[in-house]
Structures are given as C-alpha cells and as structure tokens.
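The values are calculated or read from the model by the stated rules, or taken from the named source; none is laboratory data. Given the structure is predicted, the values throughout are model-derived calculations rather than measurements. Using ideal geometry, Cβ is built from the backbone for each residue, glycine included, and neighbour counts are taken over all protein chains shown. Surface accessibility is based on the protein's heavy atoms, side chains included, excluding ligands, DNA and RNA. Shrake-Rupley method; radii C 1.70, N 1.55, O 1.52, S 1.80 Å.
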Amino acid sequence: TLGDNFSLLSPKQQELVKMLLDNGQEHVFRDWPGPGVDDDKKKAFIDQVTRLDSSYPGGLQAYIKNAKQLLADSKAGKNPFDGFTPSVPTGETLTFADENFIKYEEAGVQEAQKAAFVLVAGGLGERLGYSGIKVALPAETTTGTCFLQHYIEYILALQEASSQGKNQTQIPFVIMTSDDTHGRTLELLESNSYFGMQPKQVTLLKQEKVACLEDNDARLALDPQNKYQIQTKPHGHGDVHSLLYSSGILKVWNDAGLKWVLFFQDTNGLLFKAIPSALGVSATKQYHVNSLAVPRKAKEAIGGITKLTHSDGRSMVINVEYNQLDPLLRASGYPDGDVNAENGYSPFPGNINQLILELGPYIEELSRTGGAIKEFVNPKYKDARKNEFKSSTRLECMMQDYPKTLPPSARVGFTVMDAWLAYAPVKNNAEDAAKVPKGNPYHSATSGEMSIYRANSRILKQVGVQVADPVVQVLNGQEVEVWPRITWKPKWGLTYSRIKSKVRGKSSISQRSTLAIKGQNIFIENLSLDGALIIDAVDNAEVNASGSVQNKGWTLETVDHKDSKEPEVLRIRGFKFNKVDQLEAKYTEPGNFSHHIDIETVM
Ligand code: UGB
C-alpha cells in the first residue's frame, strides 16, 4: 500500500494521490512495496497520472465522475436519445457548377484568407489495416501524391488565390496527432520540406490517450503486465476541441483577425473540391457551425445528419452515428429503421465530418466548456446483468458532437454536396470492402483513387472536354468505374471557374489515357489525347497544350491484395500502372509557350 511512499511525494503529487483515494481508486496502490523498492516505477506511475490529469478538461476527477455516470446509464440501458424524436433536417443543397455553386465558390475563396485548417490525424485506421500513417498514403498513384501533400497544396492554393498575390496571409494549419501517428507525421513533413508550406504555419498538437476503466465503479484499469501503469486507449477525434483550446492557438487566430476554423479528416482526396463553396455558404448564411454532408446510402458507415426534437421543445441538428441511427429510427415510428427512400438514398444526409466553425462563437463556447465534448462509453459486457466487462473500456468523444452543448440561438446548418465531388474516404481494407452491399460505396483505397479520376473526368466534361465513358472493372473484388486517369495540381484547378478558364476549344481524352497537369498556367486547347501526357511547368511559364498526342500510354494492371511481392500501397488498391509510354512536356523556365505539343509516338 501507499504508506510511507506518500511522504516522498511533492505536495502537488500528494494532492493528486488523495484525489484518487477519495474517488475509489485505492486499488491502484494496493500492491505497492515500501520506499526503496521500485521507486523509479512508482515515479513513472505518478508521472503518468499527472499527464492523464492535465490532459482532460477538469482533470482525472472529472473523468472518473463522468465515467461513473455514463457507465451507470449504459448498465441501465438508458437511451441517449431519450425524449428526442428524429426527423429529416433541411439544409443547403449545392449542385456542382450551377450559378449558386459558382457564387459560393467565389465567396469562399475570398473568405479563405480568414481561415485556419485543422486536420484530425490521430487515428491509426484499424479498419484499413495499413501499416503506415494514413496521411502518407498516396491519394492516387498516377502522381503518387500523398494525402498530406495534397491537403497542403490545396491550402497553399487557397492562400494564394484569396490574397491575389498581395500581402499574402499565411493560412495556419494544425494537425492533431497521437502517440500512434505523431513521430511519423513530423518525419513526413520534415523530410519533404513541409510540402512547400512554411514550417511555422504548421502546428502539431498531440492528443493523449485516456485511462481505461475496469468496472462499473470506474476503477482505473492497471496493465496486467505492469502494476505501475494504467492502461490507456484513444479518446476519439473529439479531443481536437480541448487541444485547440488549451494550446492557446484560438486566441492567437482571433487576435490576427481570423474568422473560420475548418476541420477535416485524414483520407478524403475529394474534400477540397467542396471546401471553397462550403466556406462560401458559411460566410453567406453566417453559420456558426456548418457540416458538410453527402447523400447517404442506408446503413453506410457514415453518420446521419438528423434533426432531434425534444418533448420539452428543444431541437438541434446533429450527427447521429451510423450504429445509432437505425435503432433510433426503429424506436421512433420508423419501423423499417434506416432504409433508402424512393430516390435510392437514406433521407438523412451523410456526415462527412468536415466542419466549418465560426471562430468567435467557437471561442466563446469553449471558454464555457473548456473544450469538453459530450462523451459516450461502449463497454462489452461479460454477463447479462452487465456487471463485468470482457475487457477494459474507456470514454470516447467525437468532434462532430461539438454542437450538442450549444445554446438554441446558435446558427447550426449543413451543406449537402454531390458525393462524387466531395467524398471518397479510404477506410476499409480490401476484404471488407468486397463485402460492402452492391451499390453502396466501398470507402477503400481502390474506390478512393478511382473516385478522384471520376471526379476530375466529370469536371472536365462539365467544362466542355469530350471525356470518354468509363469501363467497369473488378479490382480487389470491387466493381469500380475506371475513367481516364486525370489529375491536376490544386493551384491549377482550385475552383470550377478556374478550371473553366483553362480549357479552350474542343478537346478530347480517351478512356485509356493518363493526363497529369503539374503546373499552374497550363491551358488545354484543342487537345486530342489518346495515351499518357504529363505536363510539368513552373508557375511563371504559360503553356498551351494542344494538338494530338497518341502513344501506348500507361496500362492498368491488376494486383492481388494477397500478393506479398507487391508493395502494400499497391496491394490495398488492387492495381498498378505499367508506364509503357508517355509524352512528358517539362517547362523549367519562365515564358510563354503557346506552341502545339504536336508530338506523336508511333504505336
Ligand atoms: N481520429 C483522431 O484524430 N483521433 C482519434 O482518437 C480517432 C480518430 P475514422 P469514424 O466521415 O466517413 C467518422 O476512424 O470515427 C481521426 C465520423 O464519426 O476514420 O469511424 C482519424 O485519424 C462519422 O460520423 O472515422 O467516423 C480520422 O482522420 C463519419 O462521418 C478521423 O478522426 C465518418 O467519419 C475519423 O476517424 C466519415
């Protein structure tokens, strides 16, 4: 027991230990030998407790108290939606390239100079089972650009566009990491010169794990291998709010005149196509909270945006997580639960966890809550009476639950976008993706990459390029549309209007083609492409890509996800490119290169 060990502690540490004893945690000291034995390990234990205490709003005492309450509710089978009736909310629905969309995009680009971006990247992605960090995965393998580079280049393109070259404000970028991802994220940034961002623009905030609980009395769970260590597990992406608050960075942003904080997740290669217009919606409608959503297939593993109306009159528009939506609907007058409506989609828009918060009201709210987000607990019980757990549990929280504590006066809205334009996450491994019901999105590395080509092809079609139809192919057991492999740098195609201004005349791209646009001022004019064309140009070189390009191109070859001879990044997507032949046009000097790329290679 603690005994004489107590007197060796500093007054602060003694206070912490007393708090634990007063809160039913005497068991953690039960087997402690007297001073002189295991002193280093005891010190490490006290250090861990100190960390757990300081990284939770209200400290460990609050954590234990919240845990007792949530565990009691869970044992009693209390429904978190008790008293609430769900209904379909109304929000802003945008259609790509229509007048409204273009108007919002322009407004959003203007606002971007007052924005800060926050990427939550502390998760390991258990569902994907990739051995590296997810932000290091290539978003697509035509250029091999990883998610982190892709995101940074979009933010830099917004920065440049919103300040129109003058007095460039640097858009701040925060990445939330965890012990699982921190070191590798920092290394990725440092070994790539921050992908062109100024290092001081980027702030990494590491989330701490939270203590595990062994029973309904919220007794802290000790590691079975080491009695001087409390077991810990991730607390969820909701930590981002308390971390931003306690870091003091929100105040710095406020003082610098910023107005918007945009939150996003680790693997959505399409997201930034929706950012300018969604930010425009926030600014125009003066939303304190704007969540991005896409039409959702019933039972798809993304949360549903739902209006919840309480019997006492309160109501809120909030994400209901995918595992809760079906039971909630069944319990409230929708006997079939979460099912598709006549149009083939669930009536509840799908939350893609891209949130745009207005900074002023956000700081005000966090000053009140300390950044604490409504939590939940999900113990797996061993017995029917719910007295014992199969393994230790912990409290969790989600960033999209932020609006739950807001007053009714808060302006909470959402914006629905086309899924083909805005959402293609990489979350599921090949085997699980192959089991996804037909017609529902796979959310795999295969679909993630193919969705990028589909979106780019559809956008070019929209601005008048004749893009060939896709072929349907089965890759890693998933039936996907394979469109021409078209990619561009964010600075080339930041918005619809920009893309439109760079496409002239009559151009065409065949299905088997690859087109990589790697510069800012590249114009596609009367180009006929059947093969592979890579155009790389420095920013101040203006290139007119026109004429006819025909070569053997890059062929798509299937890769078996179990083939250990292939690299993991290829196995998880089920295909690779064989670069048989290509035309590479490279412009390293400034100038105006308006001649035809009229080079033909013989087939
Ligand atoms: N993340 C952290 O940074 N820290 C953590 O402790 C955990 C995660 P998942 P999830 O848009 O598709 C969310 O695991 O939680 C980061 C929404 O809750 O990919 O199952 C992690 O690195 C859901 O409503 O997703 O589901 C990643 O960037 C739905 O919208 C992010 O948090 C769904 O995403 C999300 O973690 C979706």
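Just one of the listed residues (GLY91, GLY125) is among the small types (Gly, Ala, Ser), farther than 20 Å from ILE459 by Cβ, away from the ligand (no atom under 13 Å from the Cβ) and at pLDDT below 95, and it is GLY91. Given the condition within 16 Å of the ligand (Cβ to nearest atom) and in a loop (DSSP other than H, G, I, E, B), answer yes or no: does some residue in the range 79-87 qualify? Yes, the range 79-87 contains at least one residue that is within 16 Å of the ligand (Cβ to nearest atom) and in a loop (DSSP other than H, G, I, E, B). Considering each residue of the range 348-361 in turn, at least one proves to be away from the ligand (no atom under 16 Å from the Cβ) and acidic (Asp, Glu). Among the residues of the range 211-241, the ones that are closer than 19 Å to GLN69 by Cα, part of a loop (DSSP other than H, G, I, E, B) and away from the ligand (no atom under 16 Å from the Cβ) come to 7 in all. Each residue in the range 88-111 was checked for being part of a loop (DSSP other than H, G, I, E, B) and open to solvent by 80 Å² or more (accessible area, probe 1.4 Å), and 1 of them qualify.
Tell me which helices (runs of 4 or more DSSP H) are completely within the range 366-477 and hold 2 or more residues being more than 13 Å from the ligand (Cβ to nearest atom) and surrounded by fewer than 23 Cβ atoms within 10 Å (Cβ to Cβ), or say none if there are none.
Working: elements: 419-422, 430-434, 445-462.
Where helices (runs of 4 or more DSSP H) fall fully within the range 366-477 and carry at least 2 residues being more than 13 Å from the ligand (Cβ to nearest atom) and surrounded by fewer than 23 Cβ atoms within 10 Å (Cβ to Cβ), they are 430-434, 445-462.
Select from the range 417-475 the residues that are of a type in the set (Asp, Glu) and under 25 Å from LYS500 (Cα atoms) and list them in ascending order. Passing the criteria: ASP418, GLU449, ASP469.
Checking each residue in the range 52-66 for being in a helix (DSSP H, G or I) and either polar (S, T, N, Q) or within 27 Å of the chain's Cα centre (by Cα) (or both) picks out LEU52, SER54, GLN61, TYR63, ASN66.
Identify the residue in the range 140-173 that is touching an Asp or Glu at 6+ places or on another chain (Cβ under 7 Å) and open to solvent by less than 20 Å² (accessible area, probe 1.4 Å) and, among all such residues, is farthest from PRO276 (Cα to Cα). Among them, the one singled out is GLU140.
From LEU258, LEU156, which residue is out of contact with any Pro (no Cβ under 7 Å at 6 or more places or on another chain), in a loop (DSSP other than H, G, I, E, B), aliphatic (A, V, I, L, M) and away from the ligand (no atom under 15 Å from the Cβ)? I'd like the intermediate steps shown before the answer.
Details: LEU156 fails: in a loop (DSSP other than H, G, I, E, B).
Of LEU258, LEU156, the one residue that is out of contact with any Pro (no Cβ under 7 Å at 6 or more places or on another chain), in a loop (DSSP other than H, G, I, E, B), aliphatic (A, V, I, L, M) and away from the ligand (no atom under 15 Å from the Cβ) is LEU258.
Do you know which residues across the range 488-506 are open to solvent by 10 Å² or more (accessible area, probe 1.4 Å) and under 27 Å from LYS576 (Cα atoms)? Hits for the range 488-506 are TRP488, LYS489, LYS491.
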